[in-house]
Amino acid sequence: MTKFALSNLKIFSASIVAIAIANPATAASFSLNANTSDVNKLDLGFFTGETILDIKLSGTISLGGLSKFYADGSLATLFIDGTYPYAIAGASGYPTSFGGDGINHFVQGGLNYDTMALASFNPFGIAGKETTDTTDINAIRFASVVGTFTNTPTRNDWFFIGLGRRLAVPEDGANLYLAVNDTYYPNDEGAYSGRIEIVPNSEPVPEPTTVLGSLAFGAVVSSWRMKRKQQQKVLNSTIG
């Protein structure tokens with residue numbers, strides 16, 4: 001039986017991530033529970049504006065204990081009890097209530113619409129376009145890892161991460177949150193293994209990270225400027 005709220009261990013892990021990635025030379029690992037929703041989303045910490053983040057996820061989770069999914073929402077194993085036959089890649093009978101031709105065109109199968117969802121739950125989960133057209137690139141399958149830079153996200157604030165993605169942090173800086181797309185979370189089991197790192201700039205600029213480093217950096221710049229002025233004076237006297 002999985003817990004709906006994040007355990008202290010997972011919260012502690014998220015704190016470690018936030019601390020570790022403060023150093024651009026490091027990366028950090030984290031665990032994303034299958035029952036992580038928009039309510040108990042995983043906070044990976046604050047990042048300065050325009051930072052480029054590289055996120056990768058691996059492993060499988062179970063939705064309802066009847067199947068296995070990868071982080072992009074594709075099927076790892078079929079539903080063992082025969083439910084959701086339309087989740088199989090190429091299967092007919094996919095719901096057409098919101099468009100589509102009734103065929104599951106998702107690569108390696110999966111589904112983004114739950115025909116058995118309770119009336120109080122959105123049959124499309126928490127993220128992605130509400131469409132039953134499986135060729136629509138904006139549809140996000142169940143079990144997919146999604147992210148947002150918004151503390152109180154609406155459906156449109158979530159974006160697809162899947163097995164991995166590079167993200168640019170908004171200009172003013174923001175926290176990055178992760179969740180798993182689904183309709184009903186209490187019976188979801190397992191966890192994805194994740195890794196996040198800051199991507200170095202293509203032309204890195206030295207940034208001192210300590211008081212001593214700041215002083216050393218300032219001394220180098222001052223020395224360079226002084227030599228530059230002296231060279232310019234010599235050049236001017238020669239030309240004159």
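The values are calculated or read from the model by the stated rules, or taken from the named source; none is laboratory data. Bear in mind the structure is a predicted one, so any value in this text is a computation, not a measurement. Note that we place each Cβ from the backbone using ideal geometry, even for glycine, and neighbour counts take in every protein chain shown. Please note that ligands, DNA and RNA were not included when accessible areas were found on the heavy atoms of the full protein model with its side chains. Shrake-Rupley method; radii C 1.70, N 1.55, O 1.52, S 1.80 Å.
See the values below:
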{"read-out": "Residue that is most open to solvent (accessible area, probe 1.4 Å) [pool: residues in the range 53-87 that are hydrophobic (A, V, I, L, M, F, W, C) and farther than 15 Å from VAL146 by Cα]", "value": "ILE80"}
{"read-out": "Output for the range 93-107, where each listed residue is farther than 22 Å from SER62 by Cα and either open to solvent by 50 Å² or more (accessible area, probe 1.4 Å) or not in a loop (DSSP other than H, G, I, E, B) (or both)", "value": "GLY93, THR96, SER97, PHE98, ASP101, ILE103"}
{"read-out": "Selection from the range 128-150 of residues that are surrounded by 20 or more Cβ atoms within 10 Å (Cβ to Cβ) and under 21 Å from GLY45 (Cβ atoms)", "value": "VAL145, VAL146, GLY147, THR148"}
{"read-out": "Qualifying position, being modelled with pLDDT of 95 or more, open to solvent by less than 20 Å² (accessible area, probe 1.4 Å) and not in a strand (DSSP E or B), among GLY110, GLY90", "value": "GLY110"}
{"read-out": "Which listed residue, of ALA5, ALA14, ALA28, ALA20, is open to solvent by 40 Å² or more (accessible area, probe 1.4 Å) and at pLDDT below 95", "value": "ALA5"}
{"read-out": "Hits in the range 163-181 - residues which are of a type outside the set (D, E, K, R) and either touching a Cys at 6+ places or on another chain (Cβ under 6 Å) or surrounded by fewer than 20 Cβ atoms within 10 Å (Cβ to Cβ) (or both)", "value": "LEU163, GLY164, LEU167, ALA168, VAL169, PRO170, GLY173, ALA174, ASN175"}
{"read-out": "Flag for PRO153 being open to solvent by 10 Å² or more (accessible area, probe 1.4 Å), more than 19 Å from the chain's Cα centre (by Cα) and closer than 28 Å to GLY45 by Cβ", "value": "no"}
{"read-out": "ILE137, sole failed condition from (1) touching a Ser or Thr at 6+ places or on another chain (Cβ under 8 Å); (2) part of a loop (DSSP other than H, G, I, E, B); (3) among the aliphatic types (A, V, I, L, M)", "value": "(1)"}
{"read-out": "Strands (runs of 3 or more DSSP E) wholly inside the range 162-206 containing at least 1 residues that are within 21 Å of PHE121 (Cβ to Cβ) and at pLDDT 95 or above", "value": "174-180, 188-198"}
